[in-house]
Amino acid sequence: MKLWSQYSAPTLKKSPADAEIASHKLLVRAGLVRKLSGGLYTYMPMGLRVMQKITQICREEIENGGAIELWMPHVHPAENWQKGPRWGAAREIMFRADHAGAGKKGSPDPEFVLGPTHEEVITPLVKAEISSYRDLPKNFFQIATKFRNEIRPRYGLMRAREFVMMDAYSFDVDDESSIVAYHKMKAAYEAFFKRVGVLAIAVEADTGVMGGSFSHEFMVPAEVGDDDVIYCEESGYAANREKATSGLVPAGFEIEAPAAEVEKFATPGVTTIKGLARDPYNVPADQQFKTLVMMGDDRPFLVILRGSDDLEEAKLGTLGLGIVRPATPEEIEPIMGAKPGSLGAVKGTIKQADKLAGVFADEAIKLVGNGTTGANETEFHLRNVNVTRDLAITGWGDFRTVKAGEPCPSCGAPLKSRRGIEVGHIFKLGTKYSECFDATYMDDQKGSHPMVMGCYGIGISRTMQAVIEQSHDKDGIVWPWAVAPFQVLICLLDPKLEEALSVAKTIGSAAERAGGDVLIDDREERPGVKFKDADLVGIPLRVTIGGRGLKEGIVEVKWRHEAEVSKLPLADAPEMIAQMVSGKSAVIA
Ligand code: ATP
Ligand code: MG
C-alpha cells in the first residue's frame, strides 16, 4: 500500500510540446515517464511498476513457450558483428561504445558497440556450449535494454533510442523441430498479449535484413502505427504491406499478343507518368511501363512496374542483391543513356545493358500486355511495346505495393488496409547465423549439421505505450487490470480526517490480501483535482471516502471504464471490495 503524498506520481495538466499522439501525451501527463533527450526516457515509479508487470507476464508466458532465461552483455565487441551476416546493414543503427584506448597504437580491437539485438552474441555462445543433438532443442531468452540509434526517434517509447525488449533465440536439429519451436512461441505471444489486455494480431511479415525463411509480426491496430496491415475479413489473410500480395493477376493469365510494331514518338517536356496520361497522349497510367533504376550493393538493376503501381522496396530483398537503394540521376544517365523521365527496358535501347545485375518485371505488367514506355532518349517514348516480345526481362516477381480493394490472394474478396503498431516479431531464421558462426551439432551417426535457428522479439516498453494507445478516453488512461500500476485507488476527500485514513487502510489491506495493489490518494488537494488525476492515471477501481459518506455509513466505488458510481455500506466495504479485486484477478491469471 502506498500513500500518494509520499510517493512520486507527478501528473501534469498540459502535454509536452513534442507529444503528437494520445499515448505519448498520457504517458507524460500521468507521470509515467520523463524525457532525458530524444528517444531517451526515465521510467518514473508508476511507469516502472507497469513495466515490471508486463515483464513478469512476458517472462511467465515465454517460459511456457519453452524458453530459458539468461542475461547477455549490452556492450558487444564489434568483432562479433563483423563476423556476422549483417554488419553492413546494421552498423548504421548501432551506437559505438569505444573504450578509452580506442584507436591508440597497439590497442586490441578498439571498437565496441551497444547491442541492438543479440544473434551475434548468442550464436557463438551456443556454438561453444552445445555440440550434440542430445542437448537440442534449446531456446534462450532475456528481457533487457536494447540500443538503436534510430534516425527519427518519435512518439515517446514507441520509437526510442534505448528500449526494453524480450529477445529469444531457438536452436533445433532440423526444420521440422524449428517450426515446432516457432509455433510454441507464437502461442506464447498470443497468451502474453491476451493477459496484458491488448489486442495484437499476428500478420505475415517481411524477413528484411534478418534474412530467414518466414516470419510474423504482432500488430496492435491503431491509426498512429508506422505499419500498414493488408487484411481480408473473409479468409483471415493478414500481412504487413511490405510482404502483402494480392490476386490481381489471375493464375495462368496469358499476356496479350503483340498489337503492332514498336513506334517511337516525341514527347517534348513530358517526363512523368501523369504527363503521358494527359492530352495529347492520353495513355492511361495502367497502360504504361514504369522503369526504375535501383542499386543493390552499388550494382545497378532495373525494376519494371505498371505506371499506376508503386514499388514496395522491401520486396526487392527477395532478389538477394544486397542493400538496395534508388540510383541517383548521375548514376542513371550513363547506364540508360537518358535522364529519368524517359527510361524504358526495351531490348536494344539500354546504353550499357551489360552493366545491369538484372531486369526484374513485376507480375502485374502482364495485365498491360502492350503498352508505352520511355525510349531511353530524353523526351521520347515508345508505343506498342509488348511484354514478351520487346522487354529485356531477366526475372519475374512481386514488387508492387498492394492497395486496399484488390482481391484477396486466397479468396478473392476485396482486401482492406489499416495502420498497426508492431509490438512483437517472430522469425524462422534457418541456418544463416549458425553457418556464419559455425554453430553445428553432431547427430547420432557422428554427422555434423548447422543448427536451425529462430529468433523472437517483443517490445516491452513499446507494448506499454500501445496499451495506452488502445485503452484511453478523453480524460486519461484506462489500464487493463493486469498491467495497471495499482489496481485500487482510494481517494480521501478529507485527508486530514483520521477516521478516513484508518478506513482506507482497512479497505486497502483487504484489497491487497485479495491480490490488488493499492494507492491511497491522501494529498491535500481539492476533490475536483483528485478525481481528474484519478481519471488521468487510470487505475481500474476507485474507492472514494469522504467525511459526509462516513457519517452516512457509506463509501463509493467506481470502475474507471464505467460512468456509474455505487455506494457500499461501510461495514461491508472491505469484504465487498476484496471480492471485486479477487474476481478481476481470477479472470486474468
Ligand atoms: P520497427 O520496424 O518498428 O523499427 P523492428 O522490426 O526493427 O521494429 P525488431 O528488430 O523486430 O524491430 O525488434 C523486436 C521488437 O522490438 C519490435 O517488434 C518492437 O516491438 C520493438 N522495437 C524495435 N525497435 C524499437 C524502438 N526503436 N523503440 C521501441 N521498441 C522497439
Ligand atoms: Mg520487426
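Bear in mind that the values in this text are calculations on the coordinates, not laboratory data. What you are looking at is a predicted structure, and each value in this text was computed from that prediction instead of being measured. A quick note on method: Cβ atoms are made from the backbone with ideal geometry, for glycine too, and the neighbour counts reach across all protein chains shown.
For ASP227, the residues 5 or more places off, or on other chains, whose built amide H falls under 5 Å of its own are GLY420, GLU422.
According to the square roots a ≥ b ≥ c of the eigenvalues of the Cα gyration tensor, what is the shape class of the stretch 296-339, taking rounded for a/c under 1.5, prolate for a/b larger than b/c otherwise, and oblate for the remainder? It is oblate, given that a/c is not under 1.5 and a/b is not larger than b/c.
Rounded to the nearest 500, the helix-only mean residue ellipticity at 222 nm of the chain stands at -7500 deg cm²/dmol, with each DSSP H run of n ≥ 4 adding -39,500 (n - 2.57). Once the Cβ-Cβ distance of ALA266 and ILE323 is raised to the sixth power relative to R0 = 45 Å, the FRET efficiency obtained is 0.75.
Couplings 3J(HN,Hα) for the stretch 298-312, derived from phi with the Karplus relation 6.51 cos²θ - 1.76 cosθ + 1.60 (θ = phi - 60°), are 6, 10, x, 8, 10, 10, 10, 10, 5, x, 8, 9, 10, 6, 9 Hz, where x marks Gly and Pro.
Length gained on full extension, GLU176 to ILE93, computed as 0.36 nm times the residue gap minus the Cα-Cα distance: 26.5 nm.
Amide H contacts of GLU111 (H built 1.01 Å from N, in plane; Pro and chain starts excluded): ALA78 sit under 5 Å, all sequence-distant by 5 or more or on other chains. Once the C-beta distance of GLU254 and GLN56 is scaled by a Förster radius of 45 Å, the resulting FRET efficiency is 0.15 to the nearest 0.05. Across the cross-link table entries LYS25/LYS274; LYS243/LYS474; LYS186/LYS474; LYS290/LYS416, which are compared at the Cα atoms, the separations over 30 Å belong to LYS25/LYS274; LYS243/LYS474; LYS186/LYS474. Modelled this way, with points 7 Å down the Cα-to-C-beta line, the labels at LYS274 and ASP473 are 4.5 nm from one another.
A simple rule links phi to the HN-Hα coupling: the Karplus curve 6.51 cos²θ - 1.76 cosθ + 1.60 with θ = phi - 60°, which for the stretch 419-429 gives 7, x, 9, 6, 9, x, 8, 10, 10, 8, 8 Hz, with x for Gly and Pro.
Working from label points 7 Å from Cα in the Cα-to-Cβ sense, the PHE214 to THR145 distance is 3.8 nm. Using the Cα coordinates of the stretch 361-517, the gyration tensor eigenvalues translate into equivalent-ellipsoid semi-axes of 59, 32, 14 Å, sorted from longest to shortest. Summarising the label geometry, the points placed 7 Å from Cα in the beta-carbon direction at GLU233 and LYS446 lie 6.4 nm from one another. Residue by residue, the stretch 352-357 carries 3J(HN,Hα) couplings of 10, 4, 5, 7, 7, 7 Hz when phi is fed to the Karplus relation 6.51 cos²θ - 1.76 cosθ + 1.60 (θ = phi - 60°); x denotes Gly or Pro. Only Cα pairs under 8 Å and 6+ residues apart enter the sum, and on that basis the relative contact order of the stretch 432-589 stands at 23 percent. Close amide H contacts of ILE323 (hydrogens built in the peptide plane, cut-off under 5 Å, sequence separation of 5 or more or a different chain): ASP297. Taking GluC sites (Glu not before Pro) across the stretch 24-67, none is in a DSSP loop with at most 11 further Cβ atoms lying within 10 angstrom of its Cβ. Kirkwood-type hydrodynamic radius, the chain: 27.7 Å, calculated from all non-identical alpha-carbon pairs. Using the Cβ of GLU333 as centre and a radius below 15 Å, the other residues enclosed give a net charge of -1, where K and R count +1 and D and E count -1.
The reciprocal of the average 1/r between distinct C-alpha atoms defines the Kirkwood hydrodynamic radius, which for the stretch 147-278 equals 19.8 Å.
Under 19 Å from a label point set 7 Å out along the Cα-to-Cβ vector of ASP297, the amide N atoms of the stretch 84-98 belong to 84-92. The residues neighbouring ALA285, those whose beta-carbon lies less than 15 Å from its own, together hold a net charge of +2 under the Lys/Arg +1, Asp/Glu -1 convention. Taking the alpha carbon gyration tensor of the stretch 533-589, multiplying each eigenvalue by 5 and rooting it gives semi-axes of 21, 16, 8 Å, largest first. The calculated P(r) of the stretch 159-207, using every Cα pair and 10 Å bins from 0, goes 19, 43, 32, 6 in percent.
In this calculation the C-beta distance from SER502 to GLN82 is compared with R0 = 60 Å, giving a FRET efficiency of 0.40.
Only residues of the stretch 211-246 count here: report those whose backbone N is under 16 Å from the spot 7 Å along Cα→Cβ of ALA202, or say none. The answer is 213-220, 236-240.
Remark: the GLU512-SER582 segment gains 24.2 nm on full extension, using 0.36 nm per residue and subtracting the alpha carbon distance.
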